[in-house]
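Heads up: the structure comes next, in structure tokens.
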Amino acid sequence: MKRSNLCVTQPVETEDIKLSNIKTIAAGVPAITSSVNHMIKELNPKICASTLFSVNQVDGFDCPGCAWPDPDDAEDRSSLGEYCENGVKAIAEEATTERIENSFFEKYSVQELSQWSDYKLGKSGRLTHPMYLPKGKNHYEPVSWEKAFDLIAEELHGLDHPNEAIFYTSGKTTNEAAFVYQLFVRQFGTNNMPDCSNMCHETSGVALSETLGIGKGSVRLEDFYITDLIMIVGQNPGTNHPRMMTALQKAKRAGAKIISVNPLPETGLMRFKHPQSPTDILSSGTQLTDLFLQVKINEDLALFKAILKLLLEKERANPNTIFDHEFIQNKTDGYDELVASLEDVNVAELAQQAGLTLEQVEEAAELIANAKKMIICWAMGITQHKNGVANIQELVNLLLLKGSIGKPGAGTCPVRGHSNVQGDRTMGVWEKLKPELAKNLEKNFDFVPPKEEGYNTVNSIKAMHEGKAKFFFGMGGNFMSATPDTAYTAEALQNCSMTVQVSTKLNRGHLVTGDAALILPCLGRTERDIQASGKQFVSVENSMGVVHQSNGSLEPASNMLMSEVGIVCCLAKAVLENSKTDWLGFMEDYDRIRCAVEKTIPGFKNYNQRVREPGGFYLPNGAREGNFDTNNNKAHLTVNQVPNHQLEAHQYRMMTIRSHDQFNTTIYGLNDRYRGIENGRRVIMMHPDDIKKSGFQKGDYVDLIGYHEGKKRVAPHFMIVEYDIPQQCVATYFPETNILVPIDSYASECKTPASKLVIIELESSNYR
Ligand code: SF4
């Protein structure tokens, strides 16, 4: 039953957008000013300093932002604080003094709140009490925890089959919570465990598992300081992984070269001033990128293929000087097929297709040819595509031919955007249940886990839309705004009999709900977690596969909050009447969970002891050691097809991106400082010549139109902003334009939504 008058997308608001030039230097004093502003606005001044000096320190809490690693050794961590501007925003957002009391929900119906932007919803403050939205009602009501768990248990017991329930996980969920969550869900009888990784690095996982035998990156942080060359592809570190700029600066000072591949000249790729370095502040900072390749959207593979061809020509001209034939011979297969596939490659044509000059591609090939050790970093710019897997496998080809995997200073580096997204997958949160985990769960917990593959994110949305799934549970996150095809996803969630969200703050997923809905407010990463056995710590896994502890120390925002672990264990107790698992025992002492993990998940021997060591421990990683856990223990060189995008003159390739004041769907502010866009978000960044050709002018408002399989999708009222972007390529922010990303447009291997390439047209805006 759909509630009426509900705004499921970002409401169109009048904005007074201010434009300025693209910034040429990242961080520096402006990052300090911005951080202080966010801290002062949100936090109790008394806790500002202690919080900043605790984040990412060995005995502190892990930043709830991205998954960029901390220096291994405590003494290498900055005594002035191991955080960045966007880490500060993430902390301020969570540790805000703003509170949502029960009166808030008495005052506002879900329909009224749905007219607020995600930014305004998030700024309402921390959730403080479990809330229930009964069927047929429009206002949330306070409910006791016990009643809430009983309501969910009743709903789950009422389903015809466990596969009618979906259990989503956001990447902020810690290891301990993720492990008991997957155990509960599998004991309930389903593998419907979609997670945010489905929408971001799933293509990385597929590509790397197939070619190298492990779905994770192989490098360590220290490899950046001893490498010859770093390629940064489809990633914007300045906003999404800012402390990476510190590592890039150190790499540059150690003599490394940097090639950046991106449709946008992102400031954080160009020049950096370390905010904690007076020398930097007083100077022009450090130039990062040596060669910037402004590739057209989704033409990365054309570029990589052209580079491979040039390297092959160089190798043939001077045998055994470019390719590491000993490595290729001993560690890989598929070389002959790859070389054969390059014979007819026309480099000039591919350079043009990529939107680059032949000279630029040749310069890149020269830099790569001269590098003995290289690291390739990437993010959503190449993963969120229909050919995301092929994009990444072509990068792996480059590294394998250079023998740049499995040795210090070299390797793969998919940079994770969420603090524990990699850890959740390691804990077993996935719609696919690995045979070894199934065997260990059966052995250790005396039940037979379901074997049938569950729904990933796209399939979950479809199952809810088709009525095959009737119950949705979100462990953190903002499924409603993070997912593609907003209108379709809203219908899917509203098709459910019940939706439940475990959250710290209000978001659109609390307003676009099933017939009945529950909000279960949990502790944040910064907050103290006291259980029956005393103060607890949790653990997370960063992008480099380091598992380390996180100790929250702040007073919880409310005494009615429960920890993620507590919520799952009490829920399991309420739902699984015959379970033999000591759920309350797990809740009382998280060491017991880690003991269970040690018995169930490979790589966690002496988990409790090693996680207490300063900095934690590295998980095993075969590719890092040059051991490839593939079908033949060889790394696979692959042949990948260059996509052929045919656009009409009035069509554009649109990519959805984050602003600098944003972390996934959490909107910290309305400014995108580096790109010179302030006080608004409904903008479309376009090339000046495209604006001229379109008949519109910069500053005009247009509706963005997407046609997919005959269905028209409209994102209304975006201001045209003249921007340095390749022609027929445009950029907009999500979640505002997720409504244009079709549910059926995804990477075929794993259904990662193709959010980085949507073909759109423009129409004059009808919004008044
Ligand atoms: S780089 Fe990422 S993990 Fe580190 S402080 Fe910034 S947001 Fe947090």
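The values are calculated or read from the model by the stated rules, or taken from the named source; none is laboratory data. Everything quoted here is computed from the prediction, not taken from an experiment. Here Cβ is always computed from backbone atoms with ideal geometry, including for glycine, and neighbour counts include all displayed protein chains. Just so you know, the surface numbers come from the protein's heavy atoms only, side chains and all, with ligands and any DNA or RNA stripped out. Shrake-Rupley method; radii C 1.70, N 1.55, O 1.52, S 1.80 Å.
Any idea which of Val575, Val639, Val597, Val568 is surrounded by fewer than 18 Cβ atoms within 10 Å (Cβ to Cβ) and in contact with a helix residue (DSSP H, G or I) (Cβ under 7 Å, 6 or more places away or on another chain)?
On the way: Val575 fails: surrounded by fewer than 18 Cβ atoms within 10 Å (Cβ to Cβ); Val597 fails: surrounded by fewer than 18 Cβ atoms within 10 Å (Cβ to Cβ); Val568 fails: surrounded by fewer than 18 Cβ atoms within 10 Å (Cβ to Cβ).
Step by step, each of Val575, Val639, Val597, Val568 is checked, and only Val639 is surrounded by fewer than 18 Cβ atoms within 10 Å (Cβ to Cβ) and in contact with a helix residue (DSSP H, G or I) (Cβ under 7 Å, 6 or more places away or on another chain).
Applying a threshold of 7 Å to beta carbon distances and a minimum spacing of six or more residues, or different chains, the list of pairs starting in the stretch 743-761 at a residue that is assigned to a loop (DSSP other than H, G, I, E, B) and ending at one that is among the acidic types (Asp, Glu) and modelled with pLDDT under 95 reads Asp744/Glu709.
One residue alone among Leu52, Leu19 is open to solvent by 70 Å² or more (accessible area, probe 1.4 Å) and in contact (Cβ under 8 Å) with a residue 12 or more places away in the chain, and that residue is Leu19. Filter the helices (runs of 4 or more DSSP H) completely within the stretch 563-632 down to those with at least 1 residues that are more than 30 Å from Gly403 (Cα to Cα). Correct list: 564-575, 583-588, 590-600, 607-611. Taking every residue in the stretch 662-681 that is under 20 Å from Leu121 (Cβ atoms) and pairing it with any residue that is surrounded by fewer than 24 Cβ atoms within 10 Å (Cβ to Cβ) and among the basic types (Lys, Arg), at least 6 positions away or on another chain, the pairs with Cβ-Cβ distances below 7 Å are Asn679/Lys18. For the stretch 207-228, the count of residues that are of a type in the set (Gly, Ala, Ser), part of a helix (DSSP H, G or I) and buried (at least 24 other Cβ atoms within 10 Å of the Cβ) is nonzero. Scanning the stretch 703-738 for residues that are part of a loop (DSSP other than H, G, I, E, B) and not acidic (Asp, Glu) yields Gly710, Tyr723, Ile725, Pro726, Gln727, Gln728, Phe734, Pro735, Thr737. Taking every residue in the stretch 59-80 that is of a type in the set (S, T, N, Q) and pairing it with any residue that is assigned to a loop (DSSP other than H, G, I, E, B) and more than 8 Å from the ligand (Cβ to nearest atom), at least 6 positions away or on another chain, the pairs with Cβ-Cβ distances below 9 Å are Ser78/Pro71; Ser78/Gln276. The single condition among (1) within 16 Å of the ligand (Cβ to nearest atom); (2) more than 26 Å from Trp378 (Cα to Cα) that Gly28 does not meet is (2). The criterion of at least 3 residues that are touching a residue at least 24 places away in the same chain (Cβ under 8 Å) and over 24 Å from the mean Cα position of the chain (by Cα) is met, among helices (runs of 4 or more DSSP H) falling completely within the stretch 429-504, by 435-445.
Can you find, within the stretch 500-538, the residue that is farthest from the ligand (Cβ to nearest atom) among those that are within 22 Å of Asn478 (Cα to Cα) and small (Gly, Ala, Ser)? Going through the qualifying residues, I end up with Ala516. For the stretch 688-705, state whether one or more residues are within 16 Å of the ligand (Cβ to nearest atom) and either open to solvent by less than 10 Å² (accessible area, probe 1.4 Å) or not hydroxyl-bearing (Ser, Thr, Tyr) (or both). Scanning the stretch 688-705, I find no residue that is within 16 Å of the ligand (Cβ to nearest atom) and either open to solvent by less than 10 Å² (accessible area, probe 1.4 Å) or not hydroxyl-bearing (Ser, Thr, Tyr) (or both), so the answer is no. I'd like the full set of residues that are open to solvent by 10 Å² or more (accessible area, probe 1.4 Å) and within 12 Å of the ligand (Cβ to nearest atom), limited to the stretch 55-69. Of everything in the stretch 55-69, those that are open to solvent by 10 Å² or more (accessible area, probe 1.4 Å) and within 12 Å of the ligand (Cβ to nearest atom) turn out to be Gln57, Asp62, Cys63, Cys66, Trp68.
Got at least one residue in the stretch 37-57 being touching a Cys at 6+ places or on another chain (Cβ under 9 Å) and either part of a helix (DSSP H, G or I) or not assigned by TED's automatic domain parsing to the domain that holds Gly476 (or both)? It would help to see each step written out before you state the result.
Restricting attention to the stretch 37-57, the residues satisfying the condition of being touching a Cys at 6+ places or on another chain (Cβ under 9 Å) are 39-40, 55-56.
Next cut, either part of a helix (DSSP H, G or I) or not assigned by TED's automatic domain parsing to the domain that holds Gly476 (or both) only: 39-40.
Yes, the stretch 37-57 contains a residue that is touching a Cys at 6+ places or on another chain (Cβ under 9 Å) and either part of a helix (DSSP H, G or I) or not assigned by TED's automatic domain parsing to the domain that holds Gly476 (or both).
Ser78 meets the conditions (1) of a type in the set (S, T, N, Q); (2) within 15 Å of the ligand (Cβ to nearest atom); (3) within 23 Å of Asn671 (Cβ to Cβ) in every case but one. The failed one is (3).
Which of the helices (runs of 4 or more DSSP H) found entirely inside the stretch 84-149 contain at least 2 residues meeting this: more than 16 Å from the ligand (Cβ to nearest atom)?
Numbers: elements: 85-94, 102-107, 110-114, 118-122.
The qualifying helices (runs of 4 or more DSSP H) are 102-107, 110-114, 118-122.
The one condition from (1) of a type in the set (Asp, Glu); (2) free of Cβ contacts under 8 Å to residues at least 60 places away in the same chain; (3) touching a helix residue (DSSP H, G or I) at 6+ places or on another chain (Cβ under 9 Å) that Asp689 does not meet is (3).
Only one residue in Glu343, Glu326, Glu315 is touching a Phe, Trp or Tyr at 6+ places or on another chain (Cβ under 9 Å) and surrounded by fewer than 22 Cβ atoms within 10 Å (Cβ to Cβ). Which one? After ruling out the rest, the residue left standing is Glu315.
For the stretch 357-369, check the following and say yes or no: at least one residue is outside any helix (DSSP H, G or I), open to solvent by less than 10 Å² (accessible area, probe 1.4 Å) and touching a strand residue (DSSP E or B) at 6+ places or on another chain (Cβ under 9 Å). The answer is no; no qualifying residue exists.
Only a single criterion out of (1) more than 28 Å from Glu202 (Cβ to Cβ); (2) touching a helix residue (DSSP H, G or I) at 6+ places or on another chain (Cβ under 8 Å); (3) surrounded by 19 or more Cβ atoms within 10 Å (Cβ to Cβ) is not satisfied by Gln727, namely (3).
Among Gly534, Gly545, Gly514, which is open to solvent by less than 10 Å² (accessible area, probe 1.4 Å), of a type in the set (Gly, Ala, Ser) and over 24 Å from Pro735 (Cβ atoms)? Step through it out loud before you land on a result.
On the way: Gly534 fails: open to solvent by less than 10 Å² (accessible area, probe 1.4 Å); Gly514 fails: over 24 Å from Pro735 (Cβ atoms).
Among Gly534, Gly545, Gly514, only Gly545 is open to solvent by less than 10 Å² (accessible area, probe 1.4 Å), of a type in the set (Gly, Ala, Ser) and over 24 Å from Pro735 (Cβ atoms).
Contact map, the stretch 205-225: first residue on the phi > 0 side of the Ramachandran plot and in contact (Cβ under 8 Å) with a residue 60 or more places away in the chain, second residue part of a helix (DSSP H, G or I) and of a type in the set (A, V, I, L, M), Cβ cut-off under 9 Å, separation 6 or more or different chains; pairs are Gly213/Ala623.
Here are Asn192, Asn163, Asn175: which of them is out of contact with any helix residue (DSSP H, G or I) (no Cβ under 8 Å at 6 or more places or on another chain) and in the same structural domain as Arg77 (by TED's automatic domain parsing)?
None of the other options fit; the residue is Asn163.
Would you check if Lys372 is within 27 Å of Val219 (Cβ to Cβ), basic (Lys, Arg) and open to solvent by 60 Å² or more (accessible area, probe 1.4 Å)? Walk me through it before giving the result.
Working: within 27 Å of Val219 (Cβ to Cβ): yes; basic (Lys, Arg): yes; open to solvent by 60 Å² or more (accessible area, probe 1.4 Å): yes.
Criteria met by Lys372.
Against the numbered list (1) among the β-branched types (Val, Ile, Thr); (2) modelled with pLDDT under 90; (3) within 11 Å of the ligand (Cβ to nearest atom), Ile47 comes up short only at (3). I'd like to know if the stretch 440-447 contains one or more residues that are farther than 22 Å from Ser579 by Cβ and not polar (S, T, N, Q). No.
For residues that are acidic (Asp, Glu) and touching a Gly at 6+ places or on another chain (Cβ under 8 Å), scanning just the stretch 418-445, find the one that is nearest to the ligand (Cβ to nearest atom). Even if it seems obvious, please write down each step before you answer.
Going through the stretch 418-445, the residues acidic (Asp, Glu) turn out to be 424, 431, 436, 442.
Filter once more, so that each one left must be touching a Gly at 6+ places or on another chain (Cβ under 8 Å): 424, 431.
On the way: Asp424: 16, Glu431: 27 Å.
Per the stated criteria, the residue is Asp424.
If I go through the stretch 269-298 residue by residue, how many of them are touching a residue at least 60 places away in the same chain (Cβ under 8 Å) and over 15 Å from Trp378 (Cβ atoms)? Here the count works out to 15.
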